[in-house]
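Written below as structure tokens is the structure these notes are about.
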Amino acid sequence: MIRRPISQKTRIVLGIVSFIVLLIGYAWISHRAHVENPRNKTLPNFSQFQEGWKRIATGEGGVDLWADVKASAMRLAIGVGLGILLAFIIGLAMGCFPIVEASLMPPIAFLAKIPPTAMLAVYFVFFGVTGIQIFVALIAFGIFPTLAQSIAQAAQKDVDEHTLYKTYTLGASHFEVVWEVVLRQILPRIIENARLQIGPAMVFLVAAEFALADQGFGYTLRMQSRLQNMNIVYTYLALLGIAGLVFDQLLILLRRFTCPWFGD
């Protein structure tokens, strides 16, 4: 039978095994590459990774992990926060009031089809090429259109008309209906849609840092890839993946805390 549930223990074991298989596969490919060329740097072996980790820990060779973490984390946090706030306000308004949807949905749907990184030239004009503003703008406006559409759709589809009529019959105002009924029912969907924007937000951040920054994960990836220090590049990529998983789990915990009725 499809979709038959498995135990949590089995799920954890299978997840661990999948990572082990990936590591074994990489180790085998790296070994084959070093047999052909012992000085190969594109597929570093464990000793080369150790050397890279030592450089990261000591800050040698222009690698400053903590400075990169602080710079990228601040840009990502502000950009994602502003993007979610803007999408929440406009998306909820579009989902509740047809006149707002008719006015704003067409331009938002249009903007959602433009690749955010292609908008860099526009952000150059408005925000310049220095400072945190351009990174925040790329992330915030990158995730805003899709997230706003998702919130509007949830407000329209997940709240039935009978519930709205019943609430108005009890004497609720427009604000009370939106805040106490609509928002409470779609809040889990908002958090779930925000989770889906973590990956794109990190893509926009790294892309902007790759092109413009003098500090941050994207900048270090650009500089180290030019030097073919792939032991550092792969380590930074792994750290980005871990950070994404941490953010994802934090949003899951937030959803469980604020919406205990919503199943996983």
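The values are calculated or read from the model by the stated rules, or taken from the named source; none is laboratory data. All values derive from a computational prediction rather than experimental measurement. Cβ coordinates were reconstructed from backbone atoms using ideal geometry, including for glycine residues, and neighbour counts include every protein chain displayed.
So here's what we get for this one:
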| quantity | calculated |
| --- | --- |
| Residue in the stretch 116-155 that is nearest to residue 74 (Cα to Cα), counting only those that are aliphatic (A, V, I, L, M) and outside any helix (DSSP H, G or I) | 132 |
| Test: residue in the stretch 162-180 that is in contact (Cβ under 8 Å) with a residue 12 or more places away in the chain and touching a Phe, Trp or Tyr at 6+ places or on another chain (Cβ under 8 Å) | yes |
| Members of the stretch 224-264 found to be of a type in the set (D, E, K, R) and touching a residue at least 60 places away in the same chain (Cβ under 8 Å), listed by number | 255 |
| Sole residue being assigned to a helix (DSSP H, G or I), buried (at least 18 other Cβ atoms within 10 Å of the Cβ) and among the polar types (S, T, N, Q), chosen from 235, 163 | 235 |
| Members of the stretch 32-82 that are out of contact with any Ser or Thr (no Cβ under 7 Å at 6 or more places or on another chain), among the charged types (D, E, K, R) and touching a residue at least 12 places away in the same chain (Cβ under 8 Å) | 41, 51, 55, 64, 75 |
| When residues of the stretch 64-118 are limited to those that are surrounded by fewer than 17 Cβ atoms within 10 Å (Cβ to Cβ) and of a type in the set (Ser, Thr, Tyr), the one modelled with the highest pLDDT | 103 |
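Let's see how each residue does on (1) outside any helix (DSSP H, G or I); (2) among the basic types (Lys, Arg); (3) over 26 Å from residue 142 (Cα atoms); (4) touching a strand residue (DSSP E or B) at 6+ places or on another chain (Cβ under 6 Å):
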{"position": "21", "(1), (2), (3), (4)": "no, no, yes, no"}
{"position": "26", "(1), (2), (3), (4)": "no, no, yes, no"}
{"position": "32", "(1), (2), (3), (4)": "no, yes, yes, no"}
{"position": "42", "(1), (2), (3), (4)": "yes, no, yes, no"}
{"position": "50", "(1), (2), (3), (4)": "no, no, yes, no"}
{"position": "74", "(1), (2), (3), (4)": "no, no, no, no"}
{"position": "78", "(1), (2), (3), (4)": "no, no, no, no"}
{"position": "82", "(1), (2), (3), (4)": "no, no, no, no"}
{"position": "94", "(1), (2), (3), (4)": "no, no, no, no"}
